Amino acid sequence: MGEPITDGITRRNDEGSSSSIQGTPPPGYVFPTHKLAKTMQDSSKIPLVLVACGSYSPVTYLHLRMFEMAADYFNDHSKYELIGGYFSPVSDYYQKEGLAPAHHRVRMCELATEADSTWLMVDSWEALQPSYQRTAIVLDHFDDQLNGRLGGMALPDGTARKIQILLLAGGDLIESMGRKDVWAPEDVSFVHAVAASMWILQTLGYDCGGSRI
């Protein structure tokens, strides 16, 4: 039996203190839910959404394959039921050399997913922000949308279950979490709190090969 979501959702602001998410969505922004499962096949499981942050300049077959590899695992071996997945391209303020404009990267991801995937979507919120958003803040945004505004996953008995958000990450991102000049310790803790586990895929040069934490 599912449990209703009754507790308030506490957020973090950019300074790291707890608060409700502030600010307004970018003009014209709508959180995509058109491929999100409306019902669960097994209501005893935990609804799961995968999120992958990155530059996607450009998006590649390997990025898509990363999602499919994770989906194969969760469909076969877990207490979770996968209900959707999201690409979240970084904003132009990431300032990576050679980074294509955000609207082009968002559209490339949309073209890569809209015809051939029944469950992958592209969220433009991070890409449209007027400043660089840390991964912890982006995951907080997804938690707000999926569990705050959407209210979690509705169950047949009329209750709702909190949607688990899982950060889909390459080995290079995980390696960077050990660097204090890149990640604040409180952000690492927050990522683990919101995305309680991570699926780690091997990235060239980082031997993390498909492990989970």
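The values are calculated or read from the model by the stated rules, or taken from the named source; none is laboratory data. Because the structure is predicted, anything quoted here is derived from the model rather than measured. Cβ: placed from backbone, ideal geometry, glycine included. Neighbour counts: every protein chain shown. Note: accessible area is taken over every heavy atom of the protein model, side chains too, but ligands, DNA and RNA are not part of it. Shrake-Rupley method; radii C 1.70, N 1.55, O 1.52, S 1.80 Å.
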How many residues, within the stretch 120-154, are surrounded by fewer than 18 Cβ atoms within 10 Å (Cβ to Cβ) and of a type in the set (A, V, I, L, M, F, W, C)?
2
With the first residue restricted to the stretch 51-62 and required to be under 24 Å from Gln145 (Cα atoms), and the second required to be open to solvent by 30 Å² or more (accessible area, probe 1.4 Å) and of a type in the set (D, E, K, R), Cβ contacts under 7 Å at 6 or more apart or on different chains are Ser55/Lys96
Take Ile163 and decide whether it is modelled with pLDDT of 95 or more, within 18 Å of Leu48 (Cα to Cα) and under 15 Å from the mean Cα position of the chain (by Cα).
yes
The stretch 142-153 residues that are closer than 13 Å to Gly84 by Cβ and at pLDDT 95 or above, paired with ones that are surrounded by fewer than 18 Cβ atoms within 10 Å (Cβ to Cβ) and of a type in the set (S, T, N, Q) (beta carbon under 8 Å, 6 or more apart)
Leu150/Thr33
Identify, by number, the condition in (1) of a type outside the set (Phe, Trp, Tyr); (2) open to solvent by 20 Å² or more (accessible area, probe 1.4 Å); (3) more than 23 Å from Ala37 (Cβ to Cβ) that Glu110 doesn't meet.
(3)
Which of (1) within 16 Å of Pro58 (Cα to Cα); (2) touching a residue at least 40 places away in the same chain (Cβ under 8 Å); (3) surrounded by 17 or more Cβ atoms within 10 Å (Cβ to Cβ); (4) not aliphatic (A, V, I, L, M) does Pro89 not meet, given it meets every other one?
(2)
